[in-house]
Structure formats: C-alpha cells, structure tokens
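Structure first, then comments.
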Amino acid sequence: DRNSMHYYGYNTDVLDTTLEKGDISQNFITVGAVTGMKTTYTDSAHLNYDATLNYRLFMDKAEYMENYGGIKGFASYFYGKEQLGLDADIGYYNRILEDTVNNIVIKLEPWVCLFGKKWRVVAGLNMHTNAVNQDIFYHWYPNASLQYNIVDNILIPYVTVNGNLEVNSYHKIAMENPFIKPGLQVDNTNNKLVIGAGIRGNLSSNTSYNFSGQFSQIDNMYLFVRDTSDVLENQFVVECADYAENYKFSGEIAYKRSAKLSVLLKGNYYIYNLNNVAKAWHMPDYDATISARYNLRSKILVNADFFLIGKRYAKSFDPAVEYTELKEIIDLNLGVEYRYNKVLSAFVNFNNIAATKY
C-alpha cells in the first residue's frame, strides 16, 4: 500500500522562494503479510481457536521505518455449562525513527462466561506487559460484563468494566494524521479504567436501538498540535495529557425494511477533563452520522452517508489567544453500484461532496 500527500498549509509570506511540490511531499509505504488458522466446529465439545501470524513494514519518504511482527488469537472451551476462554496478543515493534525504540507488548486476557436463558456474565482479567527498550511496565485491568434480557429482546440493560494498553505505533499515528512530523514518537496510552452502561433492544421487527454512556480514566492521552519548531509550521506533533477523564454518551437507532432499505442514525457526545492541557485539541464535542442503503432488485445499490462533526479547538501559540475554535463540519458521501450478474459489477463513489475545508 502506498499513500502520497503534501504538507500544505504554510504561510507563503515567510519564505523568500516558492517551494516546489517535491519539497513538501510525503509518501507512506506499507508492506505486510498475514497467515492464520482457525477451527470451524459447531458443537461445544471441541476446543475452538483462531490464531494469526502478522508482519508489517511501514516506511515514509525520509526512510523512518517501523517493523512489526505479532501473534494474535483466541481460544475457548465449554467446561460443563461454563465457557472458558483466552484472548492473546503478542507484538514486537522495532521503530527506527529519531531514536531506535524496541517495544514488546504482551496481552493475555483469560475469561469465563456464564449464561442462562435471559442473562449473560463475563468475568476475566486483562494482563498487559509493556517492555520499552530496557524498561518493563505491568498493567492489570478488570474485564467484566453483565447483561439481562428483561423483556424478550426489547429491553436489555448491560454493564461493562475493562481497560487496555493502547499501542501508539508509527503506522497507527501516521494513518490517523498523515500531516505529522516525520519520525514522530508517541508513547503508548494506558486506558486504565473504562466503565460503560447502556440499554439496547428492538422497538419492532425492523427497528432496533442502543443507548449507552461510558467513563474512561486515561494516562498519556495524545493530542495533535502544530509543530512550531519549523518556520513553515505545516506539520503536527503531539501534546500529551498525563491524566484525562472522558465521558462519552452514545445513541443509535437502526431501521431495516426487508433487504431493500436500511437506515442507521447514530451520534456521540464527549466531555473531556484534562489535568495539564487546556482543551482536548481537535477532538469534537459531538459527532453524528446518518447512513442509508437502498437495494433495487439486487441490481442497483445506492449508499448515502451524511456526516456532522461538532466544534473543535486548536491550540494557539499566540500569547494573547489561548486557543482557536473550529467550526462544525458537514459533509456527504454518495455511492452507486450496478450488478450486471453475480460475478461482475460496476460502481462509482463520490466522497466529501460538500468539499468542506477544515
């Protein structure tokens, strides 16, 4: 995979000469391979598992690179009426950036699941180890969930408690924001406690809903800010909140009428409390999406997505102005596909039709 872009957004008045496109270009190249094996047993008497072996090389134009190799998988087995399981993820990240960093992350997550006709309980422990060069850090997180079907698939309340170590690889950060400073290093994020509760179910045979709230305690939450070390100031670095609290409120309503028409409406509202950062830079107060799919006799498929992203704040480096408020974003995607037969189709997609600049 190859992605190419340019570092636009600089003030031309500060330069004596005009930059060529090659001077502000960036290329990201990804080469990878995955192989795996899994069972397909349909009865509970066998051990079921799914395991994959992964490798990825990620490199930019400046030849900063990251090698990743890992094993991911899960296994589960029914012991009587109890289901026992283990999720595992072992990853090695060799980052050759401004400094060479070797990061080994081991995640072992054993769990047990108990269930009845109306209820389901999962209890486990997430054991994550983060080894960075010569330093080793151990993290222990709860992993529990409870749901109870009060009214037959109409009213299902649920509660979850967990946590995880979020690996901020160079590949992940660059794909999230390709305008970062080349070779940017970002420490891993510790989501040390995530508590959620909600209610979901069906309003009718073709309408479902899901409403929830979530509270998170986070160490080393990264936020993008302008890089002022360069005169162009057209790249991003990160500013990290040592400790952050995040409240997230979500709602979702889905409507599906046979195989012809489906509509999904979902939205999120966010509140951030940060200990050493003024605002959650570039993180929206809210976002909403309306997605519609229409299938005309399995020949013509029309997809439409409407996006709304709430106001955000960008850090200002002017001593007289603490931050800049960014306006809401509204945009639209539209796609049409024509299926000639079961093996041949043609499609066209129009993304960001409103061409909103932000």
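The values are calculated or read from the model by the stated rules, or taken from the named source; none is laboratory data. These numbers were taken from a predicted model, which means no experiment stands behind them. Please note: Cβ atoms are built from the backbone with ideal geometry, for glycine as well, and neighbour counts cover all protein chains shown. We work out accessible area using only protein heavy atoms, side chains counted, and drop any ligands, DNA or RNA first. Shrake-Rupley method; radii C 1.70, N 1.55, O 1.52, S 1.80 Å.
The residues of segment 26-49 that are of a type outside the set (Ser, Thr, Tyr) and surrounded by fewer than 14 Cβ atoms within 10 Å (Cβ to Cβ), listed by number, are Asn27, Val31, Gly32, Ala33, Val34, Gly36, Met37, Lys38, Asp43, Ala45, His46, Leu47.
Hey, among Lys315, Lys327, which residue is more than 30 Å from Ser345 (Cβ to Cβ) and in contact with a Leu (Cβ under 9 Å, 6 or more places away or on another chain)? The unique qualifying residue is Lys315.
Across segment 307-358, which residue is modelled with the lowest pLDDT among those that are of a type in the set (Phe, Trp, Tyr), assigned to a loop (DSSP other than H, G, I, E, B) and under 29 Å from Asp227 (Cβ atoms)?
First, the residues of segment 307-358 that are of a type in the set (Phe, Trp, Tyr): 307, 313, 317, 323, 338, 340, 347, 350, 358.
Subset that is assigned to a loop (DSSP other than H, G, I, E, B): 317, 340, 358.
Checking the rest, the ones that are also under 29 Å from Asp227 (Cβ atoms) come to 317, 358.
Working: Phe317: 87, Tyr358: 71.
Looking at the filtered set, the residue picked out is Tyr358.
Scanning segment 275-322 for residues that are touching an Asp or Glu at 6+ places or on another chain (Cβ under 9 Å), open to solvent by 50 Å² or more (accessible area, probe 1.4 Å) and basic (Lys, Arg) returns Lys279, Lys311, Lys315. Go through the residues of segment 145-153 one by one and say whether even a single one is open to solvent by less than 40 Å² (accessible area, probe 1.4 Å) and among the acidic types (Asp, Glu). No, that holds for no residue. The set of residues from segment 186-231 being open to solvent by less than 20 Å² (accessible area, probe 1.4 Å), more than 19 Å from the chain's Cα centre (by Cα) and closer than 30 Å to Ala292 by Cα comprises Gly198, Gly201. Within segment 12-25, residues that are surrounded by 10 or more Cβ atoms within 10 Å (Cβ to Cβ) sit with their Cβ atoms under 7 Å from residues that are outside any loop (DSSP other than H, G, I, E, B), at 6+ positions apart or across chains, in these pairs: Ile24/His6; Ser25/Ser4; Ser25/His6. The set of residues in segment 232-274 that are part of a loop (DSSP other than H, G, I, E, B) and open to solvent by less than 50 Å² (accessible area, probe 1.4 Å) comprises Leu232, Asn234, Gln235.
Selection over segment 72-124 of residues that are over 23 Å from Asn48 (Cβ atoms) and hydrophobic (A, V, I, L, M, F, W, C) gives a count of 5.
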